[in-house]
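Here the structure comes first, spelled out in structure tokens, and everything after it is commentary.
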Amino acid sequence: RKAQSFTASPLHAGSANVGYRRTSPGPRPDGAPLYGGTHGISLGTAVAISGAAASPNAGYHSSPVMTFLMTLFNARLGWWLGNPGPAGDSTYHLDAPRMAVGPMLNEMFGRTTDHSRYVYLSDGSHFENLALYEMVLRRCRFIVLSDAGCDPACSYDDLGGAIRKIRIDFGIPIEFDRDIAIYPRSMPEKAATGDYWAIGRIRYSRVDKDPMRWSDKPDSDYDGILLYIKPAYYGREPRDVHSYAQKIPAFPHESTSDQFFGEAQFESYRVLGSYIVRQLWAKEFAQLPATDGVLPKEALDRWLDQRLR
């Protein structure tokens with residue numbers, strides 16, 4: 001795949017296959033420096049890297065010719081940081097390479113590896129666009145996933161790619177009880193029955209359950225739930241959203257190349273998201289005891305247990 005997942009969090013940054021370094025100035029008995037700079041990698045840096053779509057090294061999507069030309073003409077948005085693994089013991093605390101020539105040549109010729117002193121970071125979509133891979137790797141029991149990619153045909157490329165990688169790399173299938181009923185605007189005949197979300201089961205039990213030792217334990221003790229949310233327009237949304245949608249046939253899947261939203265555009269997406277969550281809450285969680293809109297962990301656990309039975 002020519003790439004792997006890299007995570008930046010308030011506590012650590014790195015990759016499961018390479019290693020992690022601290023990004024938080026919390027208790028550090030060894031007094032080691034933080035990853036990515038004197039004060040650790042900043043939120044702004046992490047966000048900028050995550051949007052580096054125009055990158056010479058784009059994982060599986062890389063082309064040797066395009067890699068060379070994009071670097072030559074400086075059409076590059078990726079970022080070089082120290083390797084969080086043992087190979088970066090002398091570089092992980094830097095916010096950029098000391099000398100740019102070496103990394104620049106490596107970038108030009110596609111020599112970006114996980115065993116050099118520096119690693120090359122770019123847009124997450126060059127590996128897996130939804131971050132589902134990392135959450136399954138951490139065995140999260142309840143995952144809420146908002147798929148905001150531009151997908152006017154509802155082909156679910158990002159979801160399908162994530163499920164495929166997770167099954168291949170971890171041996172964990174993700175299964176949906178029924179067909180996902182989220183439809184594109186090109187299928188108005190489905191509008192009456194269209195949904196905005198789907199619920200899948202993450203089969204951790206396929207790899208975490210020992211059939212010789214724990215065969216008496218049900219799969220529900222191991223498995224998790226994926227709540228998958230995707231924007232759609234069916235004509236029953238709030239009136240201002242309907243008005244905007246009539247003017248913009250691509251809504252709610254306008255091209256992500258549009259980085260400058262106007263007031264009507266921004267508000268239409270915001271209201272649609274709010275409407276979707278309210279519909280989701282009313283159908284899935286309204287019967288659970290909540291205080292001021294806050295769902296207690298015990299109530300959510302009961303909901304998960306019921307879903308997994």
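Which shape class, rounded, prolate or oblate, goes with the chain when its Cα gyration tensor gives a ≥ b ≥ c as root eigenvalues, a/c under 1.5 marks rounded, and past that a/b bigger than b/c marks prolate? Verdict is oblate for the chain.
Rounded to the nearest 0.05, what FRET efficiency do Leu43 and Asp216 have when you use their Cβ-Cβ distance and R0 = 45 Å? So, using R0 = 45 Å, E works out to roughly 0.45. Taking all C-alpha pairs of region 246-309, those more than 17 Å from each other amount to 57 percent.
First check a/c for region 11-160, with a ≥ b ≥ c the square roots of the eigenvalues of its C-alpha gyration tensor; if it is under 1.5, answer rounded, and if not, answer prolate when a/b is larger than b/c or oblate otherwise.
oblate
Peptides 235-246, 192-203 ranked from most to least packed give 192-203, 235-246, packing being the mean of other C-beta atoms within 10 angstrom over each peptide's residues. Positive contributions from Lys and Arg (+1) and negative ones from Asp and Glu (-1), summed over other residues with Cβ under 12 Å from the Cβ of Phe261, come out at -3. What is the gain in length, in nm to one decimal, between Leu77 and Ala54 on full extension, counting 0.36 nm per residue of separation less the C-alpha to C-alpha distance? Using 0.36 nm per residue and subtracting the Cα-Cα distance, I get 7.7 nm. Rounded, prolate or oblate: which one fits region 97-235, using the alpha carbon gyration tensor with axes a ≥ b ≥ c (rounded when a/c is under 1.5, else prolate when a/b beats b/c, else oblate)? Verdict is oblate for region 97-235.
Run the count for the chain, please: Lys pairs, Cα-Cα under 19 angstrom, 8 or more apart or on different chains. Intermediate values should be presented prior to the final figure.
Numbers: Lys2/Lys165; Lys190/Lys230; Lys209/Lys217; Lys230/Lys283; Lys283/Lys297.
Count of close lysine pairs: 5.
Using a probe of 1.4 angstrom and keeping all protein chains present, the accessible surface of region 1-135 works out to 54 square angstrom per residue. Helix 157-170 and the longest principal axis of the C-alpha atoms of the chain enclose an angle of approximately 70°.
In a fully extended conformation the segment linking Ala131 and Phe68 would gain 19.8 nm over its present Cα-Cα distance, using 0.36 nm per residue.
Charged side chains reduced to their Cβ positions (Lys and Arg at +1, Asp and Glu at -1) give the chain a dipole of some 440 debye around its Cα centre.
Based solely on its DSSP helices, what 222 nm [θ] is calculated for the chain when runs of n ≥ 4 H residues each add -39,500 (n - 2.57) and the sum is averaged over all residues, nearest 500 deg cm²/dmol? Mind dumping the intermediate values first?
Values: 9 runs with 88 residues, N = 309.
One gets -8500 deg cm²/dmol as the mean residue ellipticity at 222 nm.
The values are calculated or read from the model by the stated rules, or taken from the named source; none is laboratory data. Only a predicted model underlies this, so the values are computations on that prediction, with no experimental measurement involved. Ideal geometry is used to build each Cβ from the backbone, glycine not excepted, and the neighbour counts take in all protein chains shown. Side chains included, ligands, DNA and RNA excluded: accessible areas come from the protein's heavy atoms. Shrake-Rupley method; radii C 1.70, N 1.55, O 1.52, S 1.80 Å.
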